[in-house]
Amino acid sequence: MLIEARGSAATPGAESIFAEVLADVLRVDRVSVDSHFFDELGADSLVMAHFCARVRKRGNLPSVSMRDVYRHPTIASLAAALADVAPSSPRPAVPAAIEPPTPTNTREYILCGVLQGLFFLVYSYLAVLAIVTGYEWVSAGASAVAMYLRLVLASSAAFLVVSAVPIAAKWVLVGRWKAQQIRLWSLAYVRFWIVKTLVRSSPAARLFIGTPLYLLYLRALGAKIGPGVVIFSRRVPVCTDLLTIGAGTVIRKEAIFLCYRAQAGRLETGPVTLGRDVFVGERSVLDINTCMGDGAQLGHASALHSGQAVPAGEWRHGCPAQRTDVDYVRVPPARCGTLRRAAYSAAALLAVLLLYLPLVQVGFSLAIVAASSLAEVLVPSARAGTLWGLVIEALIFSLVLFFGLALVGLLLTGAVSRVLNAFIKPDTVYPLYGFHDAAHRAIARIGRMRFFTYLFGDSSYIVHFLQWLGYRLSPVMQTGVNFGTEVMHANPSLSAVGTGTMVADGLHLVNDEVSSTSFRVSRVAIGPQNFLGNDVTYPAGGRTGDNVLLGTKVLVPLDGKIREGVGLLGAPCFEIPRSVERDMRFDHLRTGEALRRGLAAKNRCDLQTIGVFLFTRWVGVFLFALLYLAALELYDVLPHGVTAGFFGLSVVVTAVYLTGVQRCIIALRPVRPTICSIYHPDFWSAERIWKVHPIHYLHTFDGTPFKNLLWRLMGVRVGRRVFDDGAHISEPTLTAIGDESVLNYRSKIQCHSQEDGTFKCDRTTVGAGCTIGVGAFILYGVTMGDGSVLAADSFLMKGEYVPARARWGGNPAREM
């Protein structure tokens with residue numbers, strides 16, 4: 001092999017080795033040390049990830065990361081930048097930063113699953129008993145007014161009891177949480193799982209997020225929270241005794257601060273301490289053993305890794321967080337006293353107890369009665385209580401419930417958003433806990449509804465749905481993939497996306513700015529001809545313009561010049577090429593007659609996919625309704641334990657059905673490693689798999705052995721005793737996870753990327769005993785060696801190789 005290398009006094013050997021390795025990766029005879037990796041050699045991020053991995057394997061050179069490659073895009077500049085770095089010394093078998101895994105065993109694993117199943121059955125029994133008893137008592141009312149009063153009392157009592165059970169269970173089963181290690185699948189872990197499941201499923205944690213009532217709930221669980229704190233995050237902390245929050249602190253939506261994490265073979269609990277007037281941004285992650293001083297700030301899409309501390313008054317962002325001059329609290333304070341907070345909390349509680357809960361129960365009961373009456377009219381031979389009668393009743397009930405709610409919801413989402421938006425003026429400061437705040441929260445809550453974005457996402461129809469909500473998208477350049485299946489916003493009427501922009505899944509538009517006493521909404525505008533990767537949090541005031549590529553999990557800049565015609569990657573972000581030659585091979589399919597034919601064919605396929613989604617989800621509702629109605633119908637015929645079993649079985653059967661549906665769709669057209677256009681049938685079949693993915697339903701089984709069974713049913717190659725605390729795996733058949741590995745809360749393994757008009761996917765392998773941190777993200781073509789660790793909120797780029805027993809972290813991830 002011939003290598004064109006220019007000798008350097010500082011690094012003659014490094015340049016030669018770099019050139020040799022890169023030439024081998026590119027499969028060419030020679031590489032000039034002055035040639036630009038992307039502009040002249042035509043490499044892309046996947047190729048350069050392979051280059052970095054091979055350099056690290058040589059062992060006689062400094063470690064090279066993707067950030068180094070982008071900052072120094074020639075061999076000469078890269079070697080010069082690393083000239084002062086001493087050659088890597090042999091690494092120890094087990095680095096000091098990684099503790100050895102805690103051993104687990106199959107007997108405890110099985111016993112844990114049995115106990116978790118028994119707990120679910122007991123809880124189902126109590127739920128059925130309470131539902132039937134309450135229904136009989138309410139029905140015994142002498143008049144409509146009496147029945148309504150009884151309904152309010154019954155629903156209020158049930159609400160208070162269900163809210164109190166997690167608090168009682170926590171204090172009885174655990175007492176006070178303390179910093180410790182809990183072996184996975186042990187009896188101590190079973191107690192942890194019961195408390196975690198109850199705490200996260202509590203209606204108090206779901207209905208009162210962002211209000212002082214939620215703070216009372218956390219205090220009852222042992223959290224130390226000062227006055228004036230505002231928590232908007234729906235990620236409920238579990239080990240609450242280890243959580244300390246000072247007065248006036250703000251925690252934004254989707255922030256994660258669990259006070260625990262999983263490592264190979266164990267759970268580790270540790271404190272999270274926030275001082276007074278602290279700000280924690282959207283989608284940020286606070287690992288255990290982290291703290292922030294008074295007045296400190298952590299920006300959006302940022303993370304504090306275990307052991308990090310932010311001094312008082314300091315501002316940080318990025319992963320792991322580093323100092324910044326960006327102020328993330330940009331809204332002035334407003335008058336918001338104790339009386340205002342108390343009045344808002346009382347109004348919220350009364351609205352739930354007097355309106356929300358009774359209406360839900362009345363609507364549900366009326367739907368069951370109507371279904372039963374209609375079944376008798378349509379099929380007189382189907383007598384009540386018979387199997388055929390139950391099937392007809394469940395069929396009608398599920399049709400009315402699923403398609404009726406879908407149609408009504410579709411009409412109301414846009415109408416309600418537009419009506420409420422008339423009461424909120426952009427760029428106007430309002431106090432929290434008032435009428436304007438209530439209207440804003442209602443609009444934002446509608447923006448978190450995922451059913452319709454899942455229904456229309458990855459198709460041409462998502463554009464029309466977002467315009468119905470209020471998005472400003474004109475003029476639309478239809479591509480068939482303008483938006484993915486997950487799009488969230490705080491205010492759709494103040495959201496604008498430019499012509500020709502394409503967005504992958506997980507876009508979160510932050511239209512609102514919040515302090516501990518005030519808020520305001522502002523316009524968020526994304527320029528034309530952009531491409532946004534997965535899980536991008538775009539705040540108001542983002543400093544990007546036309547023709548920008550925003551990489552996966554990028555930290556959108558809020559300062560400096562307006563970026564145009566470049567790519568941005570990482571947290572904090574740095575510039576990369578907007579695109580490379582290899583990503584332009586299908587550009588001819590995005591214009592003219594080729595686009596018209598391709599888009600028409602994709603639209604036909606998308607209609608079929610939407611039909612498959614609706615039909616399969618409706619059948620899931622039908623199965624659930626059938627078993628649920630059977631439990632109620634047979635309550636006085638069979639022992640109560642059997643009817644409770646029907647109720648529990650409805651959850652299991654639905655889960656097995658939904659996972660089986662996806663496996664069947666995969667079998668019809670298996671996903672294989674490929675590079676193709678978004679107008680190729682291989683891409684459309686991948687979209688169908690994402691559409692029917694039951695990920696949100698699978699979270700019911702987080703932290704149990706049953707989750708592994710469901711992953712195997714979907715096609716994931718899962719090893720023994722894998723612990724999954726709430727991960728997402730987008731392409732099951734392309735994913736392999738080794739024995740006793742750990743997937744933390746909201747971690748993600750995604751075996752594909754879609755950039756502009758090009759779709760790429762490849763296999764990802766996670767070795768035995770690996771740990772993927774809370775909120776971490778792994779792209780396709782990745783290999784993690786046995787025992788390796790990926791830190792919280794990190795982004796492991798495509799094609800990376802993590803050596804065995806190495807610890808990586810950051811965005812993009814590199815060896816720590």
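The values are calculated or read from the model by the stated rules, or taken from the named source; none is laboratory data. Computed from a predicted model, the values in this text were never measured in an experiment. Here the Cβ positions follow ideal geometry from the backbone for every residue, glycine too, while neighbour counts run over all protein chains shown. Only protein heavy atoms, including side chains, enter the accessible area calculation; ligands, DNA and RNA are left aside. Shrake-Rupley method; radii C 1.70, N 1.55, O 1.52, S 1.80 Å.
Of all the residues that make up region 326-376, how many are within 32 Å of the chain's Cα centre (by Cα), under 23 Å from Ala296 (Cα atoms) and surrounded by 13 or more Cβ atoms within 10 Å (Cβ to Cβ)?
Counting residues in region 326-376 that are within 32 Å of the chain's Cα centre (by Cα), under 23 Å from Ala296 (Cα atoms) and surrounded by 13 or more Cβ atoms within 10 Å (Cβ to Cβ) gives 6.
Does region 39-46 contain at least one residue that is modelled with pLDDT under 80, farther than 28 Å from Gly551 by Cα and in contact with a Ser or Thr (Cβ under 9 Å, 6 or more places away or on another chain)? Can you show your working first?
In the first step, residues of region 39-46 are kept if they are modelled with pLDDT under 80; the result is 39-40, 42, 44-46.
If we keep only those that are farther than 28 Å from Gly551 by Cα too, we end up with none.
No, that holds for no residue.
Within region 729-744, can you find the residues that are under 21 Å from Val661 (Cα atoms) and in a loop (DSSP other than H, G, I, E, B)? Before the answer, list the steps.
Restricting attention to region 729-744, the residues satisfying the condition of being under 21 Å from Val661 (Cα atoms) are 729-736.
Within region 729-744, Ser730, Glu731 qualify.
Tell me which of these Arg323 doesn't satisfy, since it passes every other one: (1) in contact with a Leu (Cβ under 7 Å, 6 or more places away or on another chain); (2) free of Cβ contacts under 8 Å to residues at least 60 places away in the same chain; (3) open to solvent by 30 Å² or more (accessible area, probe 1.4 Å).
Tallying (1) in contact with a Leu (Cβ under 7 Å, 6 or more places away or on another chain); (2) free of Cβ contacts under 8 Å to residues at least 60 places away in the same chain; (3) open to solvent by 30 Å² or more (accessible area, probe 1.4 Å), Arg323 fails exactly one: (1).
From Val653, Val637, which residue is part of a helix (DSSP H, G or I), surrounded by fewer than 17 Cβ atoms within 10 Å (Cβ to Cβ), modelled with pLDDT under 90 and not acidic (Asp, Glu)?
After ruling out the rest, the residue left standing is Val653.
Consider only pairs whose beta carbons are under 6 Å apart and that are at least six residues apart or on different chains; among these, list those whose first residue lies in region 290-301 and is without any contact (Cβ under 8 Å) to a residue 40 or more places away in the chain and whose second residue is among the acidic types (Asp, Glu).
Listed by first residue and then by second, the contacts come to Gly295/Asp277; Ala296/Glu314.
Hey, can you tell me all the residues within region 480-502 that are assigned to a loop (DSSP other than H, G, I, E, B) and either basic (Lys, Arg) or under 23 Å from the mean Cα position of the chain (by Cα) (or both)?
Val481, Asn482, Phe483, Gly484, Thr485, Glu486, Ala490, Asn491, Thr501
Of the conditions (1) open to solvent by less than 30 Å² (accessible area, probe 1.4 Å); (2) modelled with pLDDT under 80; (3) closer than 18 Å to Glu800 by Cα; (4) not in a loop (DSSP other than H, G, I, E, B), Val55 clears all except one; give me its number.
Failing condition for Val55: (2).
Residue-wise test of (1) open to solvent by 20 Å² or more (accessible area, probe 1.4 Å); (2) more than 30 Å from Ala334 (Cβ to Cβ); (3) at pLDDT 95 or above; (4) of a type in the set (A, V, I, L, M, F, W, C).
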site: Gly457; (1), (2), (3), (4): no, yes, no, no
site: Leu469; (1), (2), (3), (4): no, no, no, yes
site: Val481; (1), (2), (3), (4): no, yes, no, yes
site: Thr485; (1), (2), (3), (4): no, yes, no, no
site: Ser518; (1), (2), (3), (4): no, no, yes, no
site: Gly541; (1), (2), (3), (4): yes, no, no, no
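Just checking, which of Gly527, Gly533, Gly567 is surrounded by 20 or more Cβ atoms within 10 Å (Cβ to Cβ) and under 18 Å from Glu486 (Cα atoms)? So that I can check it myself, show each step before the final result.
Values: Gly527 fails: under 18 Å from Glu486 (Cα atoms); Gly567 fails: under 18 Å from Glu486 (Cα atoms).
Going through Gly527, Gly533, Gly567 in turn, the sole match is Gly533.
Looking at region 439-455 only, could you name the residues that are within 30 Å of Pro212 (Cα to Cα), over 16 Å from the mean Cα position of the chain (by Cα), crowded, with 16+ Cβ neighbours inside 10 Å and touching a residue at least 24 places away in the same chain (Cβ under 8 Å)?
His440, Arg441, Ile443, Ala444, Ile446
Could you list, in sequence order, the residues of region 204-223 that are closer than 20 Å to Tyr356 by Cα, of a type in the set (A, V, I, L, M) and in contact with a Ser or Thr (Cβ under 7 Å, 6 or more places away or on another chain)?
From region 204-223, those closer than 20 Å to Tyr356 by Cα are 204-214, 217; that's our starting set.
Applying the additional criterion that residues be of a type in the set (A, V, I, L, M) yields 204-205, 207, 209, 213.
Listed by number, the residues that qualify are Ala204, Leu213.
Filter region 339-352 down to residues that are touching a residue at least 40 places away in the same chain (Cβ under 8 Å) and over 18 Å from Arg441 (Cα atoms), then give me how many there are.
Total satisfying the criteria: 0.
Can you find a residue in region 70-81 that is within 27 Å of Phe759 (Cα to Cα), surrounded by fewer than 18 Cβ atoms within 10 Å (Cβ to Cβ) and touching a residue at least 60 places away in the same chain (Cβ under 8 Å)?
Yes, region 70-81 contains a residue that is within 27 Å of Phe759 (Cα to Cα), surrounded by fewer than 18 Cβ atoms within 10 Å (Cβ to Cβ) and touching a residue at least 60 places away in the same chain (Cβ under 8 Å).
Within region 667-686, which residues are assigned to a helix (DSSP H, G or I) and open to solvent by 10 Å² or more (accessible area, probe 1.4 Å)?
Ala667, Leu668, Pro681, Asp682, Trp684, Ser685
From the list Leu149, Leu78, exactly one residue is in a helix (DSSP H, G or I), closer than 25 Å to Arg814 by Cα and modelled with pLDDT of 80 or more. Which is it? Give the steps one after another, and end with the answer.
Details: Leu149 fails: closer than 25 Å to Arg814 by Cα.
Going through Leu149, Leu78 in turn, the sole match is Leu78.
Rundown of residues vs (1) modelled with pLDDT under 85; (2) outside any loop (DSSP other than H, G, I, E, B); (3) open to solvent by 50 Å² or more (accessible area, probe 1.4 Å), yes/no style:
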position: Ala83; (1), (2), (3): yes, no, no
position: Pro90; (1), (2), (3): yes, no, yes
position: Ala96; (1), (2), (3): yes, no, yes
position: Gly113; (1), (2), (3): no, yes, no
position: Ala127; (1), (2), (3): yes, yes, no
position: Tyr135; (1), (2), (3): yes, yes, yes
position: Trp171; (1), (2), (3): no, yes, yes
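For region 304-321, state whether one or more residues are in contact with a His (Cβ under 6 Å, 6 or more places away or on another chain) and acidic (Asp, Glu).
no
So which strands (runs of 3 or more DSSP E) are wholly in region 503-611 and hold at least 3 residues that are within 30 Å of Leu41 (Cβ to Cβ)?
567-569, 574-576
Might you check whether a residue that is under 27 Å from the mean Cα position of the chain (by Cα) and open to solvent by 40 Å² or more (accessible area, probe 1.4 Å) occurs anywhere in region 146-161?
No, there is no match, as no residue in region 146-161 is under 27 Å from the mean Cα position of the chain (by Cα) and open to solvent by 40 Å² or more (accessible area, probe 1.4 Å).
Condition check: closer than 30 Å to Gln263 by Cβ and part of a loop (DSSP other than H, G, I, E, B). Does Pro320 satisfy that? Spell out how you get there, then give the answer.
Details: closer than 30 Å to Gln263 by Cβ: yes; part of a loop (DSSP other than H, G, I, E, B): yes.
Here the answer is yes, as Pro320 does meet what is asked.
Only one of these is buried (at least 24 other Cβ atoms within 10 Å of the Cβ) and of a type in the set (Ser, Thr, Tyr): Ser306, Ser284. Name it.
Ser284
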